[in-house]
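K.L.:
Got a structure for you, written out below as structure tokens; questions coming shortly.
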Amino acid sequence: MGDKVSLFDNERKMAWMRYFSEKTALDVEALKLIDVSVKNKNLIPAVEANRVVLAFAGETRPTLFYDMWNAGLGACDVWLKEGIDPEGEVSSCKVSSCIDRGIAGPTVLLIVNEQADSAYKIGLQNKRFSKGSVRYVAHEIRAVIMSMLEVRSHDTICIISGESIAVEAAHECQRGRSDCCGI
């Protein structure tokens, strides 16, 4: 059984980016594109981690709005257009007002999540540790320190004599557009 082909080819995706950049204050550089119309990709983590997501959906995801609302994304703004060609007017609403709406055909969504958190989580959360006679090993201590630093991909950091922390922080910064140095 072969893979289905998306109705949204690269030319159409570019046209949709142009369409939304003209209709909204969309910064294309900060945009995350995701096509969930054919392959089983999870839109929810993309919306949780990115402020602006341009999603291409289809009838394979009829409960998409309910799933987003159920994941705590009901306050996100969404611009919704049905069809494969970018034409006509578009207006926005909250995901919470769309939970009863199903997706029956090709649909394009521009989702804005002002509460997006693109922090890269390293190691265990502090609340998982308790005081007592338990001895922590070095990688657990580094995980706690990295968690406390809350390094994000857009941060610029400089670590002086941080040893292994510098390595983990540099791995995180490498994913972003910032400069990291360990001295």
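Only the coordinates and a few stated rules stand behind these numbers; no lab work does. In this text, all values refer to a predicted model and were calculated from it rather than measured experimentally. Methodologically, a virtual Cβ is constructed for each residue, glycine included, from the backbone with ideal geometry; neighbour enumeration extends over all protein chains shown.
K.L.:
Taking 0.36 nm per intervening residue step and subtracting the Cα-Cα distance, what contour gain separates Ser91 from Ala30 on full extension?
P.N.:
19.9 nm
K.L.:
Moving on to the next point. Within the range 62-96, list the GluC sites (Glu not before Pro) lying in a DSSP loop whose Cβ has at most 15 other Cβ atoms in a 10 Å radius.
P.N.:
Here the sparse-neighbourhood loop sites are Glu87, Glu89.
K.L.:
For Thr60, project a label point 7 Å along Cα to C-beta. Then give me every residue of the range 5-22 with its amide nitrogen under 13 Å of that point.
P.N.:
5-8
K.L.:
Using each residue's phi in the range 25-37, evaluate 6.51 cos²θ - 1.76 cosθ + 1.60 at θ = phi - 60° and report the 3J(HN,Hα) Karplus result to the nearest Hz, with x for Gly and Pro.
P.N.:
8, 6, 9, 4, 5, 9, 8, 10, 9, 8, 10, 10, 6
K.L.:
What shape does the range 1-107 have by the C-alpha gyration tensor, where a ≥ b ≥ c are the square roots of the eigenvalues, rounded means a/c under 1.5, and otherwise prolate means a/b greater than b/c and oblate the rest?
P.N.:
rounded
K.L.:
Along each of the three principal axes of the Cα atoms of the range 50-93, give the extent in whole Å, ordering the values from largest to smallest.
P.N.:
Largest first, the range 50-93 extends 31, 23, 17 Å along its Cα principal axes.
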